[in-house]
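Note sheet for the following structure.
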Amino acid sequence: MSRIGKKPVSLPDGVTASVDGQTVTAKGPKGELKFVVNDEVLVKMENGAIAVDPRDETKTARSKWGMSRTMILNILTGVKGGFEKKLEISGVGYRASLQGKNLQLALGYSHEVLYPIPDGISIVVPKPTEIVISGIDKQRVGQVAAEIREYRGPEPYKGKGVKYAGEAIVRKEGKKK
């Protein structure tokens, strides 16, 4: 049984939500998001909160129950305050800068890497070694952060590359003579 799925999702202040069949729509100060819940899960509005229940007791219905509640909570949190991921760049000559609608990255290659910023995502570069990605959709913010990190992930010997803020890099010892 899902322990997280049993708890109804209460609406934050300033956010309105509606349930139309299997579609949950949330509107808030940051924008509007929709989520289509799987058919094995039943969604309904009760007392100003969104309740999620499995339609039957199959294993797949129960596994999608908690995930559906978390996705609904994520869209409500996103339209209220948004989400943010921070990336850190370390390495000699490694830097980032904004160039119009592109993020320009110097990551030790013979060329500059240009990453086009997708719609609904804002990227800020407060320092040349720091990137802040923000938006209302948690999945898209995480996907953009992962794509930028993928250009030059942190390597284990010197720790050079792009890493998430707060990420611990497992360091390896170099060759010995």
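What follows is calculated from the coordinates using simple rules that are stated; it is not laboratory data. On a predicted model such as this, the values are computed, not experimentally measured, just so you know. All Cβ positions, glycine included, derive from the backbone under ideal geometry; neighbour counts span all protein chains shown.
Key figures
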| read-out | value |
| --- | --- |
| Theoretical gain in end-to-end length, L42 to R62 [0.36 nm per residue, Cα-Cα removed] | 6.1 nm |
| Estimated FRET transfer efficiency when R0 is 35 angstrom, pair N102-Q139 (beta carbons, to 0.05) | 0.95 |
| Average Cα contact separation per residue, the chain, under 8 Å, 6 or more apart, as relative contact order % | 18 percent |
| DSSP loop chymotrypsin sites (Phe, Trp or Tyr not before Pro) with at most 15 other Cβ within 10 Å: longest gap in the chain | 1-108 |
| Estimated distance in nm for a label pair at K86 and H111, the labels positioned 7 Å out from Cα along Cα-to-Cβ | 3.3 nm |
| Taking the convex hull of Cα positions in the chain, its mean projected area over all directions (nm²) | 14.2 nm² |
| Dipole magnitude (debye, nearest 20) for the chain, charges at Cβ of Lys, Arg, Asp, Glu | 940 debye |
